[in-house]
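Heads up, the thing below is written out as structure tokens.
The values are calculated or read from the model by the stated rules, or taken from the named source; none is laboratory data. Please read these numbers as outputs of a predicted model, since none were measured by experiment. FYI the Cβ positions are ideal-geometry reconstructions off the backbone, even for glycines, and counts take in every protein chain you see.
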Amino acid sequence: MEKLSPSSPPISLIASQWTKFREAWIPTLKDHIPIASFGSVYWSANWDIHPDCANLESYEIKNCIISKYPFHLSIEISQEKDYSTEKLWDVFNSGSVPIIWGAPNSRSYLPHPKSAIFIDDFPDVKALADHLKYLMENKTAYLEYHKWRTAKEWSEGFERKVYMNIENMECNVCKEVARLRILEGRVNLPQFQVDLEDNVNYI
């Protein structure tokens with residue numbers, strides 16, 4: 001996160017799909033604290049506002065933008081169990097603090113209990129905005145949300161999510177197939193592999 005001027009919004013938002021919650025709730029937060037919105041949902045900032053992000057690929061631009069702000073609104077399209085998208089994971093990867101509205105069990109797979117801020121933890125929007133303003137004025141308190149990054153261990157739920165992320169998906173599928181084949185014998189091999197293994201056994 002780069003040092004922002006006092007007039008810069010401390011919160012970024014990147015969302016293109018309108019939902020009832022986004023439509024109703026985001027303006028109430030904006031009444032208390034400014035938000036830089038780069039998507040079509042309450043757009044207020046151009047993608048080229050940060051020159052060092054402008055010439056990157058689309059995915060990299062997004063992460064670069066998020067990294068410029070202390071907080072990022074991670075508002076999913078619904079609150080379904082286990083439903084967490086890049087709106088959460090990209091924020092952790094980009095070095096910002098997510099402000100979460102999403103899966104009711106998302107706490108169980110955070111890297112640390114104090115690695116994110118939950119909208120539902122506050123009695124009203126003003127209380128949340130006051131907390132964010134306090135963190136902006138108190139560097140020590142803000143950095144508490146980043147201590148997990150240097151921890152030797154993360155939560156079991158987070159480790160599991162990291163293991164099953166899209167970058168590891170193909171390897172993990174292969175490992176699971178091998179486990180079922182060897183340990184449980186529940187995976188049927190394609191016929192060409194059966195024929196091949198039979199021929200090998202006769203050599």
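Scan (1) more than 21 Å from P111 (Cα to Cα); (2) buried (at least 18 other Cβ atoms within 10 Å of the Cβ); (3) at pLDDT 95 or above for the single condition I61 breaks and write down its number.
The number of the failed condition is (3).
Does at least one position in segment 24-43 carry a residue that is farther than 23 Å from F92 by Cα and modelled with pLDDT under 95?
no
Exactly one condition in (1) surrounded by 13 or more Cβ atoms within 10 Å (Cβ to Cβ); (2) modelled with pLDDT of 95 or more; (3) charged (D, E, K, R) is false for D120; which is it?
(1)
Which is farther than 21 Å from W25 by Cα, among the charged types (D, E, K, R) and surrounded by 13 or more Cβ atoms within 10 Å (Cβ to Cβ), of K152, K114?
Matching residue, one of K152, K114: K114.
So that you can scan it fast, the table gives a plain yes or no per residue for (1) touching a strand residue (DSSP E or B) at 6+ places or on another chain (Cβ under 9 Å); (2) free of Cβ contacts under 8 Å to residues at least 24 places away in the same chain:
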| site | (1), (2) |
| --- | --- |
| L13 | yes, no |
| K20 | no, yes |
| W25 | yes, no |
| I33 | yes, no |
| E60 | no, yes |
| S78 | no, no |
| I99 | yes, no |
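Just wondering, is there one or more residues in segment 141-154 that are modelled with pLDDT of 65 or more, under 21 Å from the mean Cα position of the chain (by Cα) and small (G, A, S)?
Yes, segment 141-154 contains a residue that is modelled with pLDDT of 65 or more, under 21 Å from the mean Cα position of the chain (by Cα) and small (G, A, S).
Are any of the residues in segment 91-103 over 21 Å from E23 (Cβ atoms) and surrounded by fewer than 18 Cβ atoms within 10 Å (Cβ to Cβ)? Reasoning before the result, please.
Pass one, segment 91-103, residues over 21 Å from E23 (Cβ atoms): 91-97.
Next, from what is left, pick out any that are surrounded by fewer than 18 Cβ atoms within 10 Å (Cβ to Cβ): 93, 95.
Within segment 91-103, one or more residues are over 21 Å from E23 (Cβ atoms) and surrounded by fewer than 18 Cβ atoms within 10 Å (Cβ to Cβ).
Identify, please: which residue in segment 131-147 is touching a residue at least 24 places away in the same chain (Cβ under 8 Å) and of a type outside the set (F, W, Y) and is, among those, farthest from L73 (Cα to Cα)?
Taking the candidates together, the pick is K147.
Can you find even one residue in segment 83-90 that is in contact (Cβ under 8 Å) with a residue 12 or more places away in the chain, acidic (D, E) and under 29 Å from E137 (Cβ atoms)?
Within segment 83-90, one or more residues are in contact (Cβ under 8 Å) with a residue 12 or more places away in the chain, acidic (D, E) and under 29 Å from E137 (Cβ atoms).
Condition first: within 22 Å of S8 (Cβ to Cβ) and assigned to a loop (DSSP other than H, G, I, E, B). Can you find one or more residues in segment 83-98 that meet it?
yes
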